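Quick notes on the structure that follows.
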Amino acid sequence: MTNPLLQASPLPYFDLIKTEHVEPAIDQILKDNRNKIEQLTRLKDISWDSLARPVEELDNRLNDAWSAVSHLNAVVNNEALRDVYNSCLAKLTAYSTEVGQNKALCDAYKTLADSEEFKTLDQQSQKSIENILKAFHLSGVDLDDDKKARFSELSNRLSELTSKFSENVLDATQGWYRHITDEHELAGLPESALEGARQAAKQRDLEGFVITLDFPSYFPVMTYCDNRPLRREVYEAFLTRASDQGPNAGKWDNGPLIKEIMALRYELAQILGFESYADRSLAKKMASTTSEVLDFLNELAEKTKPVAEKEVAELQAFAKEHGGEQLNGETLQSWDLAYFGEKLRQNRYAISQEELKPYFPAHKVIEGMFDCVHRLFNIDIEVSDKASLWHPDVTYYVIKRNGEEIASFYLDLYARANKRGGAWMADCRVRRRDESNEVVKPVAFLTCNFTPPVGDKPALLTHDEVTTLFHEFGHGLHHMLTKMDVYEVSGINGVAWDAVELPSQFLENWCWQPEALELISSHHETGEPLPKSLLDKMLAAKNFQAGMQMMRQLEFSLFDFRFHAEYSDSNPVDVAAILQDVRDKVAVVKPPAFTRFQNSFSHIFAGGYAAGYYSYKWAEVLAADAFSKFEENGVFDEKTGNEFLQAVLEQGGSREPMELFVEFRGREPSVEPLLRHAGII
């Protein structure tokens, strides 16, 4: 039988892909690509059709195969697949560096960029060539042979280390659980969390309850459990994952990996002529200098800190008054914050996430979310059975406009064993025009880790989870509603990293609008809409502890950016020291010394956010300001929705993000709407 990963197809054959297919397929594609690139470097007549289009076909074929493998590794991880994935990852990294340093290929693109034909190409084609030439430079094409060889070694080793970091976090998360037989130990936990804990125990053939470090299990314990020693135990296990501390101290320890990753990133930046890895990171972002990023973060911190300090003081006073028996004279600790924060929220607004859950059954939220984007962007979304799936929980949907299918996506909502934590969107197929000038429809993977349905009850989401779903769907729309036909700038491709969060954070706003809440909520048993009394309380509580949340994100962003900006071989900054210094300056709550948050900070040590975590806040400014236009014109205003669609979602990475923002908003962004939405001003 033909290897399913080598068959050109609109969708992956998940029902046919086996672990033994992976390496032969990747080997074959890399061999074919190398042969074709060798031919292309000998071209006499260089044009868009003879050079750019064939290279795009090579990139796309490789992406189609690898996106399926990479996705399976994240959602149905096992030892055999992990081994093959890592083996292929090394080959792909070597290939990527080799192509990026291919001077003959780079020279061919330079010839195309200098040609008369280039002037006649459309905007997206020109931008794609500019991006490709920049990528050649950042891959070390201009280096001498010794430095090229070293760059290749560094890239390969970094690829291994970041993959290992991610594996350690997954193994450490799954490598701890707490078995409980006495339900009294779990007093305060809502019934839905108890059901989940019972289900987790059954899956391990145990009686009673099991608490795990998966977020749907961890979060309710920290927020509702009256058992303070248990909260501390679970907090410590979670915040020491993959470190030298805690119940699994030294097992899966990411500490040595962080040291090596930072040393190699610095050396890689130096080889390319950058002062720091932060400078190298900014080469592909909206922000242009390290001082611009630091000034931005510090300005937000300065404006937010007084609000956050006031919130902490209120929380401490409340805990002292209402938690005397629990605290027993002790001061408030990190494992008390969510618990007393929830108690204060209920005391002040008489509302909790748990109280809202019955009104957000997953199927209703999904249906309502699709209705929201229909009103905004004139698209219809339907379930389809025309795709093979990797798990029974997964649903496949198609997106139509005026009856014509334009894109599709897989939705995988629930946490389970051997699935990476968190939530993300990834591309499965990228929109482009193929060699026969046919449009290839974009396809997305949308993945979350919500609490699964228990028994015959539907999955019920917290409002935070509803917001997460909208966030990831915003990324998905950016990928799927693009009208770009060139792979390099289609969807999220080519979009500056600090602007890529704009559509995702933008869409979150509808989770708070009464007109949208009518669509996404109804009681799972009675079908009744969210009562006005609950809605009013929910909206009143929207900015509860918003200052503390903002400072927490700024702490992460400053730690990440300063670590990568200040690290050098003559100043190998210690991770704990830089984190402590950042906390001394901006943190309003100091965690205990045993925590090793950085050891599971996958965004920056295993994902694409190294020296880029600030992007969340940067893009949040853009998103809040973009949404303020809907506040002015109406949250479902068709004209404004169409303008956002045309200016931002459809144009992908074909133009600079600031140009696109100004096209939509009529001016450059202001920080004021973000501070207003968060209740800071």
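Every read-out reported here was derived from the displayed coordinates using simple, explicitly stated rules and does not represent laboratory data. Remember, predicted model here, so these are calculated numbers, not experimental data. Don't worry about glycine lacking a Cβ; one is built from the backbone with ideal geometry, like all the others, and counts go over all protein chains shown.
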Projected label distance in nm at F597 and K147, using a 7 Å step from Cα toward the beta-carbon: 3.7
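Residue separation times 0.36 nm, minus the C-alpha to C-alpha distance between N642 and Q203: what's the value?
On the way: separation 439, 0.36 × 439 = 158.04 nm, distance 4.77 nm.
In short, 153.3 nm is gained.
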Charge-dipole axis of the chain as Lys and Arg at +1 and Asp and Glu at -1 on Cβ define it, positive-most pick from V443, G607, N543: G607
Residues of type aspartates and glutamates that K310 reaches as a straight line, Cα spacing below 14 Å, ignoring anything fewer than 8 places off in the same chain: E302
Within segment 206-236, backbone nitrogen closer than 12 Å to the virtual label 7 Å beyond the Cα of A417 toward Cβ: 206
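Given charges of +1 on the Cβ of Lys and Arg and -1 on the Cβ of Asp and Glu, with all other atoms neutral, how large is the dipole of segment 176-239 about its Cα centre, in debye to the nearest 20? Display every interim value, and only then the final one.
Working: 7 positive and 11 negative charges, 36 e Å.
My answer is approximately 180 debye.
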Signed unit charges on C-beta, dipole axis of segment 70-141, positive-most listed residue S96, I132, Y109: S96
Contour excess over end-to-end distance, with Cα ends at A104 and V383 and 0.36 nm allotted per residue: 95.7 nm
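Please get the size of the charge dipole for segment 1-153, origin at its Cα centre, with Cβ charges of +1 on Lys and Arg and -1 on Asp and Glu, quoted in debye to the nearest 20.
Working: 18 positive and 26 negative charges, 17 e Å.
Charge dipole of segment 1-153: 80 debye, to the nearest 20.
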Sequence-separation-based contact order of segment 129-275, relative, with Cα cut under 8 Å and 6+ spacing, percent: 26
Among beta bridges that DSSP assigns inside the chain, antiparallel share in %, nearest 5: 80
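Okay, helix-only estimate at 222 nm for the chain: each DSSP H run of n ≥ 4 adds -39500 (n - 2.57), divide by all residues, round to 500 deg cm²/dmol; what do you get? Each step should come with its number before you reach the end.
Numbers: 28 runs with 379 residues, N = 681.
Theoretical 222 nm ellipticity from helices: -18000 deg cm²/dmol.
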Over the chain, relative contact order from alpha-carbon pairs under 8 Å, at least 6 apart, %: 16
Rough spin-label spacing in nm, given labels placed 7 Å along Cα→Cβ, for S533 and E659: 5.5
Cα-centred dipole magnitude for the chain, charges only on beta-carbon of K, R (+1) and D, E (-1), debye, nearest 20: 460
Segment 577-606 versus segment 330-403: alpha-carbon centroid distance in Å: 29
Rounded Å value of the spacing that divides the Cα centres of segment 13-38 and segment 52-67: 12
Point-to-point label distance, A90-E20, nm (Cα→Cβ direction, 7 Å offset): 2.2
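Taking GluC sites (Glu not before Pro) that fall in a DSSP loop and have at most 15 other Cβ atoms within 10 Å as cut points, what is the longest piece of the chain between them? Please list the in-between numbers first.
Numbers: sites that count: E207, E275, E330, E435, E438, E525.
After excluding every exposed loop site, the longest remaining stretch is 1-206.
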Correct option for log10 I(q)/I(0) by the Debye sum over Cα atoms at q = 0.07, 0.11 Å⁻¹ [calculated from the coordinates] among (i) -0.47, -1.29; (ii) -0.44, -1.17; (iii) -0.60, -1.21: (i)
Most positive-pole-ward Cα, I379, W390, Q513, against dipole of segment 357-517 from beta carbon charges: W390
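Suppose R0 equals 30 Å. What FRET efficiency, 1/(1 + (r/R0)^6) with r the Cβ-Cβ distance, do A249 and Y349 give to the nearest 0.05?
On the way: r = 40 Å, r/R0 = 1.34.
In this case the efficiency is close to 0.15.
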Of K357/K532; K44/K148; K532/K639; K103/K147; K91/K148, pairs whose Cα-Cα distance is over 24 Å: K44/K148; K532/K639
Restraint check, K343/K542; K127/K285; K110/K134; K419/K590; K343/K617, Cα-Cα greater than 21 Å: K419/K590; K343/K617
Gap separating the Cα centres of segment 146-209 and segment 214-246, nearest whole Å: 12
Set of lysines with alpha-carbon distance to K364 below 17 Å, sequence-local pairs under 8 removed: K457
